[in-house]
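See below for the structure under consideration.
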There are 2 protein chains.
Amino acid sequence: MSIESVSSNKCFGGWHKRYAHESDLLNCKMQFAVYLPPVVSEGKSVPVVYWLSGLTCTDENFMQKAGAQRIAAELGVALVAPDTSPRGEGVADDENGAYDLGLGAGFYVNATEEPWARHYQMYDYIVSELPSLIEQYFPVTGQRAISGHSMGGHGALTIGLKNPGRYSSISAFSPISNPVNCPWGQKAFGAYLGDDKDAWQEHDASVLMARGGKIPVLVDQGESDNFLTDQLMPQALQQAAQSSGYPLDLRMQPGYDHSYFFIATFIEEHLRFHAEHF
Amino acid sequence: MSIESVSSNKCFGGWHKRYAHESDLLNCKMQFAVYLPPVVSEGKSVPVVYWLSGLTCTDENFMQKAGAQRIAAELGVALVAPDTSPRGEGVADDENGAYDLGLGAGFYVNATEEPWARHYQMYDYIVSELPSLIEQYFPVTGQRAISGHSMGGHGALTIGLKNPGRYSSISAFSPISNPVNCPWGQKAFGAYLGDDKDAWQEHDASVLMARGGKIPVLVDQGESDNFLTDQLMPQALQQAAQSSGYPLDLRMQPGYDHSYFFIATFIEEHLRFHAEHF
């Protein structure tokens, strides 16, 4: 596999770079962004925090809005932000152009149903194909952490919990914590995974956390988030952690909403949390 | 004059808020953004840094991409980001929809020519109408500083230099430093101000700086900025400062480009510079 440079910007002494590549797994061309901290220019290899974005986002939102590069530069950590779905001509989309299914809404699962299965293999893309590319082309160690927002918080939690050997810590902002019980999750899982509810369970953070585990997890949730009650359901995650004794640090943040203004406020604490556990 | 709330987001313990108002001066409805640091909730009044954005921007770009709220929260400074031109139905635009004239390209002058004069009075809007609104509706002191990027760097420099009693310090990123001698400036000034080149001089930072003055000015310019040679011309500003003994700190920054990744890297130093001079 090869990667093709799209753009490059110096930022906090390091480099924000975007790349395109043909994905054998997703059968389309994908883009991702990477931030390389200044120590990389001195020949040092660095750990990676993978960031999974929410509905409608691309690789750009986090890199432009979170203000994460400042802290990554200081900590000597790389950031990688993939797109949120397969893209391009011929890739299936919701027939009504809904924001919460199809393009921009891959939900970090491997679709088994038509018309999605040929391209929507975002779980394997995040777990395997993308890290292989990153570890082939950039000076990174094998140390990985995973974080994300909303749909991407769901992605970070489920992928991290299912792959404890691959990630040293997990964090999330406003994650969809119990997708099998909320409208966003039911719509997406029904479309991508079909009627088999057992398959859904394998991609539900609360179900997975109830099974126990040891990787440290930090979650921030704004109390003024419009999606809190109907879609995000952090209390399900809290209950799951209590039942299994999982080391979950769930912090409810008064006054904060679902936006990047919330993420920007707390991203420093998330990156320091991940850096501690590398 | 009244203002109408558009949105509100908690950010670094303070509040990012957007407002709309009918502008008597611009004869249209305008929007602006304000960031109020946490000390405002404790009843404290704070100084204001006005931020003027570049071509194509609205009140949103700076607030979403610069990461300035973190430092403003720490320093106890408010940030105000206006739009870059009048807006709305009936407001003249370039007939070809060019990005560098008309909507999103007010250039911070008072237009005297048709079809622009009725709405394009951005100089007076920034100097008078907007601060009057801010000082009426928000708990701010009379202390003001002004900063901006590209076209907005031109705006910050020219407005600050022409109004030394109103601003305690001026800063700019990648300003259009000598608009009377570059294509962007010539196109905009020709359209808005007509053929009278004397009128142009009154809105050229290098011309104004050559006349001398005392307000501290900080300018950052990326050396890898695509617009450096043809449009920005910081050397004209440097020469003007040398000829008049103006206290200009112009810093050329190797490797940085024209993007918000550059602004985000150095905005902390700009805000600390302004805070020192309040």
Query raised in the report: Just to be sure, is A:LEU75 under 17 Å from the mean Cα position of the chain (by Cα) and either at pLDDT 95 or above or not basic (Lys, Arg) (or both)?
Result: no
Query raised in the report: Looking at segment A:181-191, which of the residues that are in contact (Cβ under 8 Å) with a residue 24 or more places away in the chain, open to solvent by 20 Å² or more (accessible area, probe 1.4 Å) and not charged (D, E, K, R) is farthest from A:TRP116 (Cα to Cα)?
Result: A:ASN181
Report task. State whether the residues of segment A:44-57 include one that is facing another protein chain (nearest Cβ under 10 Å) and open to solvent by less than 10 Å² (accessible area, probe 1.4 Å). Result -> no
Requested in this report: Spot the failing condition for B:THR158; the list is (1) among the hydroxyl-bearing types (Ser, Thr, Tyr); (2) free of Cβ contacts under 8 Å to residues at least 24 places away in the same chain; (3) closer than 27 Å to B:ARG118 by Cα, and only one is missed.
Outcome: (2)
Query raised in the report: Mind checking which residues of segment A:174-191 are of a type outside the set (Lys, Arg), within 28 Å of A:ASP220 (Cα to Cα) and assigned to a helix (DSSP H, G or I)?
Result: A:PRO179, A:VAL180, A:ASN181, A:PRO183, A:TRP184, A:GLY185, A:GLN186, A:ALA188, A:PHE189, A:GLY190
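The values are calculated or read from the model by the stated rules, or taken from the named source; none is laboratory data. As the structure is a prediction and not an experimental result, all values here were calculated from the model. Positions of Cβ are generated from backbone atoms using ideal geometry, with glycine treated the same way; all protein chains shown enter the neighbour counts. For the accessible areas, the whole protein counts, side chains as well, though only heavy atoms, and no ligand, DNA or RNA atoms are used. Shrake-Rupley method; radii C 1.70, N 1.55, O 1.52, S 1.80 Å.
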